[in-house]
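Structure, as structure tokens:
The values are calculated or read from the model by the stated rules, or taken from the named source; none is laboratory data. Keep in mind that what you see is a predicted model, and the values were worked out from it rather than measured. Positions of Cβ are backbone-derived with ideal geometry, glycine not excepted, and every protein chain shown enters the neighbour counts.
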Amino acid sequence: MVRFHGAEIGRVERGGRLERIRLFIGPDGGPADVRLTEAFATLPEAEVRTDLASNLFGGYAPEGNQRRALAERHSFDPRDLYATLEQFGSSIAGAVTFHSEADPPVSPPSYESLSASDLGRLLRRAVKDGDLAVRDDSRSMIQGFQPKVLLTRFAEDGPWLQPHGGSHSTHIVKPQLPSRPSAIHDEHYSHQLARELGLASFRSSIGRAGAATYLAIERFDRRVSGEAVELVHQEDLAQALSLDWVDDQAKFQDPRDPASARRPSAMRIAEAAASLDEDAVELWIRQLTFRILIGDNDGHAKNVGIIHLPGRDTLSDIYDAVPNLYQPGRIDWNLALAVDGEFDHRRMSVERIVREADSWRVTSRRRIDAVVQDAIERFARTLDATEVPRETTPGMRAGLEWNVTRLLAGQEIGQPRGM
């Protein structure tokens with residue numbers, strides 16, 4: 001059965017193919033004041049189109065090696081969506097949960113306290129095995145490619161806890177990778193910039209467990225009250241646009257076919273944002289500009305989120321926005337989404353960003369000019385005021401300063417000296 005904010009809204013069955021499920025909405029249709037998704041309506045006593053239901057729920061599954069590792073550990077095909085939801089659907093992103101009819105309606109949360117050595121062991125396992133370091137009884141999963149561990153912490157200085165069964169995590173903990181030791185420090189620095197700019201509200205911190213270093217990130221789809229975890233519903237834009245959940249490339253715009261309806265674009269995301277609250281389109285412009293400024297070449301549709309609140313739908317905090325262009329081995333100048341028809345980061349300019357947003361035809365050119373200019377000027381001030389951790393990638397801070405200086409001067413970003 002499928003529960004949404006704790007209330008049963010329907011059931012899922014196997015579909016005609018491994019990667020498909022069937023979703024039948026119950027007589028109540030779910031909470032009236034919170035939307036399940038932008039992709040389809042939850043009409044009472046109706047069956048949802050199987051491709052739409054599958055791409056929504058499949059979009060909550062891990063990707064790539066992590067999905068394969070989890071499936072192998074539990075002996076099912078990584079394309080088997082029903083088996084994935086059956087095994088790991090009790091705690092996923094957002095406020096949807098999946099349960100067998102034999103499960104009790106309410107299971108008491110259960111957590112195991114972790115010592116520093118326990119945490120270090122989990123982090124090393126996440127890197128080595130790529131399976132989220134889950135316990136055998138775990139019913140949790142989360143999207144993404146990167147090694148990570150899902151943990152719970154009820155106070156900022158409290159112990160780390162590992163959820164059992166369907167208990168919910170509050171943090172995503174990313175281990176330092178031997179091949180890219182500065183990556184978590186770069187991401188943490190990006191979080192600091194985003195918070196100062198009002199693009200994110202979650203906190204993050206660098207921690208150590210023995211010899212292991214990690215980045216702990218508060219989940220923006222969880223709220224903690226005492227020792228209770230409240231679920232906040234969210235989906236990403238790949239789910240909202242019903243992109244193929246099995247295809248790991250479907251989240252990127254296709255340079256060979258930029259207008260493909262099977263792939264995202266900045267315009268398609270803007271059109272989705274226009275159906276949300278009145279600030280969502282301007283927020284999308286600011287998020288897109290921020291990703292250009294930091295040199296994030298991985299800002300695909302799964303890294304843009306929608307939060308569904310009672311009576312309100314809006315874009316989520318910006319997340320997974322990382323200055324990848326300055327990390328050795330990740331210097332690919334092509335962005336995940338074209339801006340004004342151009343993928344090459346070196347060709348970005350204020351005029352190009354403005355023309356892209358103007359092509360959406362959802363807000364005035366004058367307002368776009370003001371929003372883009374304000375976003376860049378505020379970024380410049382924030383960059384000057386935010387201390388750079390010494391563990392970040394050498395040259396990264398200089399690269400960000402180059403980007404903002406070039407844009408403020410009305411020029412294309414070009415290629416920073418020394419790269």
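Annotations for the structure displayed:
- Any hit, the range 280-296, residues being assigned to a loop (DSSP other than H, G, I, E, B) and closer than 21 Å to Q327 by Cα: yes
- Checked against the criterion of being buried (at least 23 other Cβ atoms within 10 Å of the Cβ) and assigned to a loop (DSSP other than H, G, I, E, B), the candidates P62, P78 yield just one match: P62.
- Matching option when the condition is of a type outside the set (S, T, Y), surrounded by 15 or more Cβ atoms within 10 Å (Cβ to Cβ), within 19 Å of the chain's Cα centre (by Cα) and closer than 25 Å to R35 by Cβ, among E230, E218: E218
- One residue alone among A183, A194, A155 is out of contact with any His (no Cβ under 7 Å at 6 or more places or on another chain), of a type in the set (G, A, S) and without any contact (Cβ under 8 Å) to a residue 24 or more places away in the chain, and that residue is A155.
- Subset of the range 199-233 (residues that are of a type in the set (S, T, N, Q) and modelled with pLDDT of 95 or more): S201, S204, S205, T213
- Counted residues, the range 254-295 - those being touching a Ser or Thr at 6+ places or on another chain (Cβ under 6 Å) and surrounded by fewer than 23 Cβ atoms within 10 Å (Cβ to Cβ): 4
- Qualifying residue in the range 326-342 (condition: closer than 23 Å to G198 by Cα and of a type in the set (S, T, N, Q)): no
- Wholly within the range 311-354, strands (runs of 3 or more DSSP E) carrying at least 2 residues that are more than 22 Å from the chain's Cα centre (by Cα) and not hydroxyl-bearing (S, T, Y): 342-344
- Under the condition of being at pLDDT 95 or above and either surrounded by fewer than 17 Cβ atoms within 10 Å (Cβ to Cβ) or assigned by TED's automatic domain parsing to the domain that holds W245 (or both), the residues counted in the range 19-34 number 1.
- Residue within the range 299-307 that is touching an Asp or Glu at 6+ places or on another chain (Cβ under 6 Å), basic (K, R) and in a helix (DSSP H, G or I) present: yes
- Of the residues making up the range 352-382, those that are of a type in the set (D, E) and either in contact (Cβ under 8 Å) with a residue 24 or more places away in the chain or farther than 25 Å from R195 by Cα (or both) are E356, D358, E377.
- Whichever residue in the range 35-59 is free of Cβ contacts under 8 Å to residues at least 60 places away in the same chain and of a type in the set (S, T, Y) and, among such residues, is surrounded by the fewest Cβ atoms within 10 Å (Cβ to Cβ): T50
- Any hit, the range 363-370, residues being assigned to a helix (DSSP H, G or I) and surrounded by 17 or more Cβ atoms within 10 Å (Cβ to Cβ): yes
- For the range 383-393, the set of residues classified as touching a residue at least 40 places away in the same chain (Cβ under 8 Å) and either closer than 13 Å to A183 by Cα or surrounded by fewer than 17 Cβ atoms within 10 Å (Cβ to Cβ) (or both) consists of A385, T386, V388, P389, E391, T392, T393, listed by residue number.
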